[in-house]
Protein chains: 2
Amino acid sequence: MKDVSFPQGFSAAGTACGIKKNGKPDLGVLRSDPPAQGFGAFTRNAAAAAPVAFCREVLAAGSRISTILVNSGNANAATGPKGLADTRTTADSYRTLSRVGGGILVCSTGVIGEPLPMPALQRGIEQLCGSTGGEAGFSAAIMTTDTFPKTAEKELQLGGRSVRLGGAAKGAGMICPNMATMLAFITTDLDLPKTYRPVFLDAVDRSFNSITVDGDMSTNDTVLLLANGASGVRYEILNASEKAIFDGALLGLLRDLAQAVVRDGEGATKFITVEVVGAVSEADAKAAGRAVSNSPLVKTAFFGGDANWGRVLAAAGYSGAELNMEKISLEFCGVKVFDKGMPLSRDEEDMARRMKEKNVSVKLNLGAGEASWTYWTCDLSYDYVKINGSYRS
Amino acid sequence: MKDVSFPQGFSAAGTACGIKKNGKPDLGVLRSDPPAQGFGAFTRNAAAAAPVAFCREVLAAGSRISTILVNSGNANAATGPKGLADTRTTADSYRTLSRVGGGILVCSTGVIGEPLPMPALQRGIEQLCGSTGGEAGFSAAIMTTDTFPKTAEKELQLGGRSVRLGGAAKGAGMICPNMATMLAFITTDLDLPKTYRPVFLDAVDRSFNSITVDGDMSTNDTVLLLANGASGVRYEILNASEKAIFDGALLGLLRDLAQAVVRDGEGATKFITVEVVGAVSEADAKAAGRAVSNSPLVKTAFFGGDANWGRVLAAAGYSGAELNMEKISLEFCGVKVFDKGMPLSRDEEDMARRMKEKNVSVKLNLGAGEASWTYWTCDLSYDYVKINGSYRS
């Protein structure tokens with residue numbers, strides 16, 4: 001499985017250095033040779049972690065990126081000035097030992113409010129730079145409560161040559177727009193200009209910012225895209241339809257990873273697609289979709305297989321989105337249950353069967369306009385409570 | 001137990017008429033003779049239920065209120081024009097059978113999106129107006145998933161006479177500011193002028209709008225205050241300190257009921273006080289308090305007895321409230337764990353003991369200003385998931 005190192009010029013590795021108490025892999029490195037143009041999308045949490053501040057700073061400086069170091073087991077968040085100093089030390093230490101040039105980014109995920117265990121991290125860097133290191137996969141080393149690694153890869157023909165995309169993500173809990181303990185790393189060997197940033201941010205909005213597990217936005221959420229040009233193909237010389245093919249492939253890859261994060265949501269037993277249409281604006285469609293997707297009552301109803309679709313209307317009602325109660329309608333698991341403000345009679349047995357599916361859906365028409373947005377979420381189960389009631393132990 | 005009918009001139013009763021499938025009491029009536037000045041605070045949910053629209057209309061018309069009818073088992077929400085017609089029919093039917101004058105208010109709580117079972121309701125009204133009815137308590141008849149009735153009563157000496165306050169509330173799930181499947185009925189025999197409305201609304205804000213169980217705001221939330229003047233004492237002739245005594249007693253009674261709702265939150269095992277200080281504005285303090293109180297990660301940590309206080313900072317960080325990361329500090333279960341942006345070392349055993357208490361607290365200083373607000377919430381347990389996974393069955 002090449003995943004994040006599938007595009008030319010990328011390599012990746014992981015190791016276990018003792019940040020996690022259970023001995024599992026907890027430090028990963030992703031390298032690009034030649035160094036790559038870097039793009040980042042970060043949490044909007046005001047208590048953003050030290051590595052988020054550090055990555056913003058490195059990307060703003062504009063140098064091309066050779067390395068991303070990622071540790072799991074400790075978020076280095078709410079750690080004050082020492083936290084930022086520790087992140088700098090991590091990057092400097094890797095630079096010295098690896099003798100690699102170019103910008104180095106650092107990401108962390110795990111427990112909040114504990115200082116980074118620097119001796120363990122130093123040991124991990126030595127392992128990754130030495131001959132013994134790197135036997136574990138990168139995508140395994142970035143996991144926390146994830147039950148499987150999330151990876152993706154694609155190959156396109158553009159300008160007569162092969163262009164590749166790769167990706168790895170970790171998720172599980174604290175998943176909510178902007179963006180959760182979500183870390184995602186996307187690679188491509190296409191040469192992307194700095195001006196590609198808005199296209200990248202829009203794709204993040206339509207993928208990672210459209211998923212939610214529990215409504216908690218983390219201090220560490222980060223999506224990084226590295227484009228190293230090793231394919232020999234430059235985005236700027238592609239024609240419009242080729243650009244559209246690449247943009248679509250990137251969005252598709254981001255969505256695949258984002259949806260994998262939801263499918264592996266803490267304790268999730270169902271994958272729920274929440275489509276909102278008929279909104280006066282995209283902002284309203286997002287607000288309604290987010291409220292429905294985050295509602296513990298909607299999520300527990302799906303877990304229990306209870307077709308209590310009134311909770312969807314209640315959530316849309318408190319979302320702040322404009323709704324027209326005389327035109328609002330709702331499809332629940334593919335069955336229209338509410339039409340133009342009135343409940344419809346329905347076959348409860350058929351509905352019970354549909355609720356048992358692994359993939360379920362809600363389609364809500366607010367009856368107020370033309371805008372739409374889609375969210376993906378999961379149900380709320382006993383296991384979510386269990387996992388999060390004892391995360392640190 | 002007189003509770004809601006403790007003040008002079010009030011009487012209350014309940015009956016079982018078959019709206020609930022399990023045969024439990026499901027229709028209550030609260031009467032005031034003489035008819036009372038009525039005040040109401042309602043859900044801001046855009047999908048507000050038919051009875052909410054009806055109560056707003058009756059109160060706006062300004063006539064004094066003789067009766068409040070309350071059914072549980074069916075919320076009469078998302079039921080279209082027929083829902084409003086059913087509420088009117090309910091009030092008209094009671095008026096005809098009871099031959100009582102004055103305004104009649106109607107409240108409903110229960111499942112959303114099902115038409116009100118009018119034959120059952122009609123039977124219940126006949127029972128309440130006939131000689132056989134009213135053996136069940138009012139506070140029991142308004143319960144849904146509540147495990148105990150929530151009532152309160154107070155007696156004051158004002159203007160040399162006895163003035164009484166009474167109250168009953170139902171809560172359990174869908175509890176969130178503005179205001180949940182929360183119904184509360186407050187009575188007093190003091191004579192209150194219409195101009196008392198802002199004082200009442202402020203008290204609701206500092207009580208029922210400062211509690212949250214699951215972040216879901218319902219379609220039916222209603223707090224009604226009836227003041228019938230039967231004590232012979234008028235608020236307007238009280239001196240400033242007597243007015244303050246009454247206002248304080250009303251706020252205290254509302255808080256007692258609101259906190260009882262939280263203590264009986266669906267599946268709750270802990271009562272959590274979330275105090276936010278050092279905010280730039282009350283709005284910011286509320287936003288941070290609400291985010292912390294609603295965070296599934298904070299709530300499951302309390303359920304599991306895991307002192308994962310970093311989640312409190314993360315929730316405050318995404319709340320939108322302004323925070324000063326160099327001055328922010330946090331007391332968790334009475335222990336300062338984070339001071340001026342830095343984590344403090346702590347005694348994990350002592351903290352584990354404190355986490356086992358039934359009443360726990362979080363005090364967060366945002367370090368940004370002088371404003372404060374307090375929320376009350378409960379933990380998120382297996383039983384919350386169980387109760388809400390099968391509510392309709």
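The values are calculated or read from the model by the stated rules, or taken from the named source; none is laboratory data. Just so we're clear, the structure is a prediction, and the values are computed from it rather than from any experiment. Don't worry about glycine lacking a Cβ; one is built from the backbone with ideal geometry, like all the others, and counts go over all protein chains shown.
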Legend entry - Conditions (1) crowded, with 22+ Cβ neighbours inside 10 Å; (2) free of Cβ contacts under 8 Å to residues at least 12 places away in the same chain: number failed by A:ARG353: (1)
Inset, instruction - Collect the residues in segment A:335-350 that are surrounded by 14 or more Cβ atoms within 10 Å (Cβ to Cβ) and at negative phi, keeping them in residue-number order. - result: A:VAL335, A:VAL337, A:PHE338, A:ASP339, A:MET342, A:PRO343, A:ARG346
Legend entry - Any chance B:ASP86 is outside any loop (DSSP other than H, G, I, E, B), modelled with pLDDT of 95 or more, over 27 Å from B:GLY166 (Cα atoms) and not aliphatic (A, V, I, L, M): yes
Inset, instruction - Evaluate segment B:243-263: report whether one residue or more is in a strand (DSSP E or B) and modelled with pLDDT of 90 or more. - result: no
Inset, instruction - Could you figure out which of (1) within 14 Å of chain B (Cβ to nearest Cβ); (2) surrounded by 24 or more Cβ atoms within 10 Å (Cβ to Cβ); (3) touching a strand residue (DSSP E or B) at 6+ places or on another chain (Cβ under 7 Å) isn't true of A:ALA77? - result: (3)
Inset, instruction - Determine which member of the set B:ALA244, B:ALA227, B:ALA260 is in contact with a helix residue (DSSP H, G or I) (Cβ under 8 Å, 6 or more places away or on another chain) and hydrophobic (A, V, I, L, M, F, W, C). - result: B:ALA227
Legend entry - Which listed residue is charged (D, E, K, R) and closer than 30 Å to B:ILE112 by Cβ, from A:ASP256, A:ASP284, A:ASP247: A:ASP284
Legend entry - Index of the failed condition, A:SER345 passing every other in (1) of a type outside the set (Phe, Trp, Tyr); (2) without any contact (Cβ under 8 Å) to a residue 12 or more places away in the chain; (3) under 15 Å from A:ILE272 (Cβ atoms): (3)
Inset, instruction - Filter segment B:55-73 down to residues that are under 24 Å from B:ALA140 (Cβ atoms) and either at pLDDT 95 or above or surrounded by fewer than 24 Cβ atoms within 10 Å (Cβ to Cβ) (or both), then give me how many there are. - result: 8
Legend entry - Condition check for B:SER231: farther than 26 Å from B:LYS170 by Cα, assigned to a loop (DSSP other than H, G, I, E, B) and either in contact (Cβ under 8 Å) with a residue 40 or more places away in the chain or among the hydroxyl-bearing types (Ser, Thr, Tyr) (or both): yes
Inset, instruction - Could you tell me whether segment B:99-116 includes any residue that is surrounded by fewer than 19 Cβ atoms within 10 Å (Cβ to Cβ), without any contact (Cβ under 8 Å) to a residue 24 or more places away in the chain, in a helix (DSSP H, G or I) and out of contact with any strand residue (DSSP E or B) (no Cβ under 7 Å at 6 or more places or on another chain)? - result: no
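Here's the yes/no breakdown for (1) among the small types (Gly, Ala, Ser); (2) in a helix (DSSP H, G or I); (3) within 23 Å of A:LEU253 (Cα to Cα); (4) within 14 Å of another protein chain (Cβ to nearest Cβ):
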site	(1), (2), (3), (4)
A:LYS24	no, no, no, no
A:LEU30	no, no, yes, no
A:GLN37	no, no, yes, no
A:ALA46	yes, no, no, yes
A:LEU59	no, yes, yes, no
A:VAL70	no, no, yes, no
A:THR96	no, yes, no, no
Inset, instruction - Could you run through segment A:162-187 and say how many residues are more than 15 Å from A:GLY28 (Cβ to Cβ), touching a Ser or Thr at 6+ places or on another chain (Cβ under 6 Å) and at pLDDT 90 or above? - result: 2
Inset, instruction - Would you mention how many residues in segment A:317-338 are more than 12 Å from A:GLY367 (Cα to Cα) and within 26 Å of the chain's Cα centre (by Cα)? - result: 3
Inset, instruction - Would you point out the residue of segment B:265-300, among those that are under 18 Å from A:LYS386 (Cα atoms) and charged (D, E, K, R), that is surrounded by the fewest Cβ atoms within 10 Å (Cβ to Cβ)? - result: B:LYS270
